[in-house]
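Reviewing the structure listed below.
The values are calculated or read from the model by the stated rules, or taken from the named source; none is laboratory data. Computed from a predicted model, the values in this text were never measured in an experiment. Positions of Cβ are generated from backbone atoms using ideal geometry, with glycine treated the same way; all protein chains shown enter the neighbour counts.
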Amino acid sequence: MNPSTSPSADRHQRISRPCIHCGEPTDSYAEQPADEIFCCGGCRGAYELIHGWGLESFYGLRDQLGSGTAPRVKEESSRYERFDSEEFLGPSTPRPQEDGLMCSELAVHGLHCAACAWLIENAAQRTPGWRAARVKMSDHTLRVVYDPQSTALSQIARLLDRLGYEVAPISAERDTHFQSENRRHLMRIAIAGFCAANAMWIAVALYAGELQGVEVDHRWFLGLVGTGLGVAAVVIPGRTFFVGALASIKTRVPHMDLPVALGLSVGTVAGIVNAISGRGHLYFDSLAVLVFLLLIGRWIQFHQQHRAAKAVDLLLRITPRHALRVNSDETTDTVLVDILQVGDCVRVDAGENIPVDGEVLHGQSLIDRSLLTGESVPVDIAEGDQVAAGTLNLQQPIDVRVSATGRESRIGRVMQSVEDAMNDKIPIVQFADRIGGVFVVVVTLLAIATFLWWLPAGWRTSASTATALLIVACPCALALATPLAIAVSLGRAAKHKVLIRDGSTLQQLSRTGRIWFDKTGTLTSGRPDAWIAWGDSESVAAAAAVEQHCRHPVADALGRLCRRLGTATLSDAVLDRVHRQGVVGHVQDSEVLVGSPSFLREQGFGLGQVVRDAIDDCTENAASPIVIARDGIVEAVVAIFDPIKAEAAETVACLQASGWQVGILSGDHPDIVRHVATTLGVPPDLAFGGLSPEDKLAAVRGDERFSSGTVESTTVMVGDGANDAAALAAADVGIAVRGGVEVSLQAAPVFIANDNLAGVNELVDSARRTEWLIRTALAVSLLYNVIAVGLAMCGRISPLVAAILMPLSSVSVLAVTLIWPTYPSRPTTSRRN
């Protein structure tokens, strides 16, 4: 007997069977039990770990959700040792909270379905020291809360690796994930476009043959090629609609993919049958074009839903990555901000951004806090004062004792609020999807009824009539209406320099509510200007000459004032001393002092009645007084103010006339805010000054301290500055205007690029027009389907005519969308170029 054919040999024969954990093929013996078949030791370890925790229901849940595979385990985990280093924990993990726990966010590879999320979140409950886990399937990220006294982040990472989930720093993976998804979308569109273009050429030849005659063999060959193209379009790029339809059935949540998949299925089956039999319409051209158009709409939606805010990356862009650390022996070295410890000392030179939160140990200077608070006037600081990361040191070097860095700093908490607010937003359920859920049920029932009604006339007639109904009623226009209308509106807004990255913004703005404006840089220019309250231009020229040696907005304002007055700039000025509230210098052998009234008093100057009246005049007009003295005599008082934009008053009036409640949220002095509100016609009870970024966030979220009257459905925040980032993200709609920092633009779904508030009015008008367009497009599509379905049920439409009429629904929606003006043809208010 041949040994290879003996029963013993059969038992020991190697065959390919799937790994019980990940499903990968294995080289195993036929006699091995199924629960001992693994592709590697890693999968064996993961399998035993899952069963040891009592989580074996993971496999049943995985199979029920259609994934069918678990992530394959990689048998190496030394790369996770760096997760415990200061370089990694700095940007990825904050320092211990009040309860001693730590929270870290990681990108996760190997997530397939909800079963994966279920396994990871349950694993946290069975691991000592790992307190909580939250998986976000939308961007494949994981938030880990753990006790550093009981476990380390590297141990959690190794545990996830044993389960088959590779983790990495989140900031390095978000762009990669988006680019990968974008490539998949574009690849599907390219394949569908190729199939649609070639299928249409073949269809033209066949339609011409119906009128002029064509050889049977040629018709049969062209039909097979065209059908192949149509089937390829449905099976390869169109697979995404069937996946969505299957998920809709499993979750019992109606979705537009369901009727689309049904229409594609019926058209494909009918086309294949007719192609083989050589009789009837083939539908392949309509199917390919339909898939192509729907994929374009899906790609548009994908880009609208993409969120680009990355808290860690934004922090690195706003605050310095390196700091000059002062050692105990007074030597200095440059280090990463991430490795600084509480109590360390850092030196910040003039003109540099402060990298940490802390207390000033040595030196005095002026700092520009507009990045954080929006205040237009710099603030004096001295030993013992608190400073915040992201603010700008203007005058003198200072030493700062570190109290917080990174995410624990004030700007870091603002950034975390940005991310939380964006993640907490629930996407608007598209009106078209709700219609589609009912539509698919109605069309399916009508198709069944039509088939049964026409059955006595023969099964071919019955099937042809029902097929024509399903084809002509395929809801491609319903699926295209909303994304197409939004895409057209976004494009037209972009031509007017209003950039919108979230289509739901237009739907939100179509309903009136309350709109909050930041003051500095939004309602005002953000560049301090000056006017002479008392005195002559020569004194102002001398003050400007001294101030030009300082990096200070007052110096810029005085310089612009001199240019307007036609006063020559003096070049022989010398800056002697810089104080907290003023400067001392010499111009042409004359001593010049420039500063606040209190600074002049400290220097021994008496302020007469005329000077005091000029100071009061500045205060009454919401301006900061600057006093100028030369050779011991007070010679002038200059008012420093932030001018209101020319279009601000008309913008506020137009919004109020449209039904919006308009308010102001500002970090500037309350008296200045009230003056601006009075000038613009904003009610005093909706004008708030002296606010921190946290206060603005509370106001947008509806804190009762800022409530007045009845607030409608929509809350809008219009801001310019990093201090507005959290409020912009938390609002229903955030609008960033030109001049704000990058973090604000990342947090806000709207960016007005031309620095003109008229764009706010135009945007609101465009939102109303777009909402009308969407509803009109859906109405046209539904009207078309009602008429077409009625004719099909009566047998007045053949499958051939149905295939011709089906694209007309999309064409009608396209025509209405392109013709209707979704953006004002002329500006609502005066526009600056």
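In table form, for the structure just shown:
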read-out	value
Among (1) at pLDDT below 80; (2) buried (at least 24 other Cβ atoms within 10 Å of the Cβ) - the single one L814 does not satisfy	(2)
Scope the range 509-537; condition touching a residue at least 60 places away in the same chain (Cβ under 8 Å) and farther than 30 Å from M717 by Cβ; matching residues	A530, W531, I532, A533, W534, G535, D536
Among the candidates A542, A533, A557, residue that is assigned to a strand (DSSP E or B) and crowded, with 21+ Cβ neighbours inside 10 Å	A533
Some residue of the range 332-339 being outside the structural domain of S666 (by TED's automatic domain parsing), modelled with pLDDT of 90 or more, under 16 Å from T405 (Cβ atoms) and more than 27 Å from the chain's Cα centre (by Cα)	no
Residue check, G790 in a helix (DSSP H, G or I) and either of a type outside the set (D, E) or without any contact (Cβ under 8 Å) to a residue 60 or more places away in the chain (or both)	yes
Condition met for D576 (more than 20 Å from P397 (Cβ to Cβ) and surrounded by fewer than 22 Cβ atoms within 10 Å (Cβ to Cβ))	no
Test: residue in the range 376-399 that is modelled with pLDDT of 65 or more and either of a type in the set (K, R) or in the same structural domain as L287 (by TED's automatic domain parsing) (or both)	no
Output for the range 650-659, where each listed residue is buried (at least 17 other Cβ atoms within 10 Å of the Cβ) and touching a Gly at 6+ places or on another chain (Cβ under 7 Å)	V652
Close pairs from the range 320-342: first outside any loop (DSSP other than H, G, I, E, B), partner of a type in the set (D, E) and surrounded by 15 or more Cβ atoms within 10 Å (Cβ to Cβ), Cβ under 7 Å, at least 6 apart	R325/D344; V326/D399
Qualifying residue in the range 796-811 (condition: over 23 Å from the mean Cα position of the chain (by Cα) and modelled with pLDDT of 80 or more)	yes
Single match in A629, A636 (criterion: buried (at least 21 other Cβ atoms within 10 Å of the Cβ) and under 25 Å from Q396 (Cα atoms))	A629
Strands (runs of 3 or more DSSP E) lying entirely in the range 574-684 (those with 1 or more residues that are among the aliphatic types (A, V, I, L, M) and at positive phi)	none
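Residue-by-condition table, conditions (1) assigned by TED's automatic domain parsing to the domain that holds P693; (2) within 28 Å of P684 (Cβ to Cβ); (3) modelled with pLDDT of 60 or more:
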site	(1), (2), (3)
G709	yes, yes, no
E712	yes, yes, no
V718	yes, yes, yes
A725	yes, yes, yes
A731	yes, yes, yes
V737	yes, yes, yes
A747	yes, no, yes
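Every residue, every condition in (1) over 29 Å from P670 (Cβ atoms); (2) under 46 Å from the mean Cα position of the chain (by Cα); (3) without any contact (Cβ under 8 Å) to a residue 60 or more places away in the chain, yes or no:
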residue	(1), (2), (3)
V574	yes, no, yes
R577	yes, no, yes
V583	no, yes, yes
H586	yes, no, yes
L593	yes, no, yes
S596	no, yes, yes
G604	yes, no, yes
Q609	no, no, yes
T619	no, yes, yes
